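K.L.:
Attaching a single structure in structure tokens format; questions to follow.
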Amino acid sequence: MNILSLIGRSEPLFAADIERREAELSAAVAGGRFLVIGGAGSIGQAVVREIFRRGPRALHVVDISENNMVELVRDLRSTLGYIEGDFRTFAIDCGSVEFDALMRWSGGYDYILNLSALKHVRSEKDPFTLMRMVDVNILNTNRTLDWAREQGAKKYFCVSTDKAANPVNMMGASKRIMEMFLMRASVQLPISTARFANVAFSDGSLLHGFNQRLAKRQPLAAPRDVRRYFVTPQESGELCLMSCLLGENRDIFFPKLSEKLHLTTFDAIAVKYLAAHGYEAVPCASEEEARARVEELIPRGQWPCYFADSDTTGEKDFEEFFTEREVLDMARFESLGVIRNEPVFDAVRLDGFERRIAELKAAGVWDKPDLVALFHEMIPDFAHMETGTYLDSRM
């Protein structure tokens with residue numbers, strides 16, 4: 001299955017920039033000590049692969065998913081083999097005392113790349129998961145920033161999201177708030193980040209779900225009115241590595257829009273996906289009909305699908321990488337744009353955010369409106385819309 005053809009492209013996005021900067025990238029990697037946090041997720045594995053194949057002096061990977069970490073190592077050994085540098089993995093949480101002990105033991109890193117995130121819009125469905133999103137996307141970033149600054153890292157990279165531009169959901173807003181904290185940290189530590197599109201077939205994504213549905217002989221379901229930009233896993237790794245190693249302090253990298261990158265609907269991808277597997281997509285009028293027709297359609301080389309308009313909380317009909325208020329550098333790279341930032345931040349507001357989160361936790365109970373109100377204080381034009389319907393109530 002050709003991922004590029006499924007997302008409507010014939011060639012990779014960043015090949016020209018990678019080729020032009022390869023000597024610079026390889027030299028930085030070869031002399032560097034790297035820590036990748038969240039390195040066993042889909043984007044994290046892609047980043048680890050890009051670093052590993054360039055032969056770093058040290059590459060340490062942290063992730064809470066023991067199983068994904070095992071697969072990461074198996075994948076590297078089965079394709080790239082081994083490196084002379086110190087390659088190790090640690091199945092620990094970056095918010096834990098074990099992580100603190102690792103940092104003290106390590107002696108520090110030249111580059112710290114934080115790929116950990118709660119990335120799903122559906123994570124805002126309850127106040128408890130939403131608080132964990134605050135921890136993972138914001139507070140753990142602050143903790144690891146403190147370690148990077150204390151140990152004299154050359155650069156701290158943290159992945160953001162296109163959903164941070166004019167956010168309409170709590171996930172995107174959490175990453176926008178994270179960017180605010182990064183601006184404060186940039187006064188003492190060089191930082192860079194990246195906003196990019198959906199990573200095609202990343203773990204937990206709707207397209208990854210297509211693989212699961214096909215394996216389990218279950219209907220495919222997708223919104224027909226939601227448009228997204230897609231990059232491949234390899235492109236996600238390349239984008240993060242270039243931002244980390246080539247980005248100046250406070251730069252936010254993003255893919256330039258071109259004929260290579262355009263908005264695509266999920267239902268269009270579903271039709272192509274099924275055709276690539278030898279099936280014709282058969283639209284059904286309801287989830288119930290789609291489930292009921294599995295045994296009838298699949299033996300005939302057809303696959304039941306349910307395509308409908310989206311009505312769930314936090315969905316945006318299209319994505320954007322930057323706002324009209326942000327300053328852009330579109331000349332530095334062929335396929336990458338860069339948002340240039342001054343070290344502008346409201347320290348009182350940032351301190352107040354941390355203090356209010358601590359108060360909510362100390363109380364032992366909180367409601368979603370408490371967190372939504374706090375996010376609105378941080379982002380006054382936050383366009384959050386609560387529909388009362390979440391993806392967990394959909395097939």
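The values are calculated or read from the model by the stated rules, or taken from the named source; none is laboratory data. Note that the structure is a prediction, hence the values are computed from the model and not measured. Every residue, glycine as well, gets a Cβ built from its backbone with ideal geometry; the counts of neighbours run over all protein chains shown. SASA here: full protein model, heavy atoms, side chains in, ligands and nucleic acids out. Shrake-Rupley method; radii C 1.70, N 1.55, O 1.52, S 1.80 Å.
K.L.:
Run down 236, 202, 243 and say which single residue is polar (S, T, N, Q), part of a loop (DSSP other than H, G, I, E, B) and under 20 Å from the mean Cα position of the chain (by Cα).
P.N.:
Numbers: 236 fails: part of a loop (DSSP other than H, G, I, E, B); 243 fails: part of a loop (DSSP other than H, G, I, E, B).
Among 236, 202, 243, only 202 is polar (S, T, N, Q), part of a loop (DSSP other than H, G, I, E, B) and under 20 Å from the mean Cα position of the chain (by Cα).
K.L.:
Follow-up question, since we're still on this one. Going by the structure shown, is residue 190 more than 27 Å from residue 131 (Cα to Cα) and at pLDDT 95 or above? Let's see the steps before the verdict.
P.N.:
Numbers: more than 27 Å from residue 131 (Cα to Cα): yes; at pLDDT 95 or above: yes.
In short, yes.
K.L.:
Does any residue of the stretch 293-315 turn out to be open to solvent by 30 Å² or more (accessible area, probe 1.4 Å), at pLDDT below 85, closer than 30 Å to residue 217 by Cβ and of a type in the set (Ser, Thr, Tyr)?
P.N.:
Our first condition is that a residue be open to solvent by 30 Å² or more (accessible area, probe 1.4 Å); within the stretch 293-315, this holds for 293, 295-296, 299-300, 302, 306, 309-311, 315.
Still in the list and also at pLDDT below 85: 310-311, 315.
Pick out the ones that are also closer than 30 Å to residue 217 by Cβ and you get 310-311, 315.
Within this subset, residues satisfying the condition of being of a type in the set (Ser, Thr, Tyr) are 310.
Yes, the stretch 293-315 contains at least one residue that is open to solvent by 30 Å² or more (accessible area, probe 1.4 Å), at pLDDT below 85, closer than 30 Å to residue 217 by Cβ and of a type in the set (Ser, Thr, Tyr).
K.L.:
Only one of (1) modelled with pLDDT of 95 or more; (2) open to solvent by 10 Å² or more (accessible area, probe 1.4 Å) is not met by residue 335, so which one is it?
P.N.:
The one condition residue 335 does not meet is (1).
K.L.:
Out of all the residues in the stretch 151-186, which are open to solvent by 10 Å² or more (accessible area, probe 1.4 Å), within 20 Å of residue 349 (Cα to Cα) and of a type in the set (S, T, N, Q)?
P.N.:
Across the stretch 151-186, the qualifying residue is only 166.
K.L.:
Is it the case that residue 268 is part of a strand (DSSP E or B) and open to solvent by less than 50 Å² (accessible area, probe 1.4 Å)? Let's see the steps before the verdict.
P.N.:
Details: part of a strand (DSSP E or B): no; open to solvent by less than 50 Å² (accessible area, probe 1.4 Å): yes.
No: the conditions fail for residue 268.
K.L.:
Moving on. For the stretch 344-369, which residues satisfy the criterion of being assigned to a loop (DSSP other than H, G, I, E, B) and surrounded by fewer than 16 Cβ atoms within 10 Å (Cβ to Cβ)? Even if it seems obvious, please write down each step before you answer.
P.N.:
Narrowing the stretch 344-369 to residues assigned to a loop (DSSP other than H, G, I, E, B): 344-346, 364-367.
Passing the criteria: 344, 346, 364, 365, 367.
K.L.:
Might you let me know whether the stretch 226-237 holds any residue that is buried (at least 23 other Cβ atoms within 10 Å of the Cβ), of a type outside the set (Val, Ile, Thr) and farther than 17 Å from residue 262 by Cβ?
P.N.:
Filtering the stretch 226-237 for residues buried (at least 23 other Cβ atoms within 10 Å of the Cβ) gives 230-231, 235-237.
Okay, now just the ones that are also of a type outside the set (Val, Ile, Thr), so 230, 235-237.
Restricting the remaining residues to those that are farther than 17 Å from residue 262 by Cβ gives 236-237.
Yes, the conditions are met somewhere in the stretch 226-237.
K.L.:
Go through the stretch 77-123 residue by residue and tally those that are outside any loop (DSSP other than H, G, I, E, B), open to solvent by less than 40 Å² (accessible area, probe 1.4 Å) and without any contact (Cβ under 8 Å) to a residue 60 or more places away in the chain.
P.N.:
Going through the stretch 77-123, the residues outside any loop (DSSP other than H, G, I, E, B) turn out to be 77-79, 86-90, 97-106, 111-114, 121-123.
Remaining after also requiring open to solvent by less than 40 Å² (accessible area, probe 1.4 Å): 87, 99-100, 102-103, 106, 111-114, 121, 123.
After this cut, where a residue has to be without any contact (Cβ under 8 Å) to a residue 60 or more places away in the chain as well, the list is 87, 99-100, 102-103, 123.
Summing the residues that are outside any loop (DSSP other than H, G, I, E, B), open to solvent by less than 40 Å² (accessible area, probe 1.4 Å) and without any contact (Cβ under 8 Å) to a residue 60 or more places away in the chain in the stretch 77-123 gives 6.
K.L.:
Being in a loop (DSSP other than H, G, I, E, B), hydrophobic (A, V, I, L, M, F, W, C) and open to solvent by 20 Å² or more (accessible area, probe 1.4 Å) is the filter here; which residues of the stretch 35-76 pass it?
P.N.:
64
K.L.:
Here is a list of conditions, (1) open to solvent by 50 Å² or more (accessible area, probe 1.4 Å); (2) of a type outside the set (Ser, Thr, Tyr); (3) modelled with pLDDT under 95, and residue 218 meets all of them except one; can you say which number that is?
P.N.:
(3)
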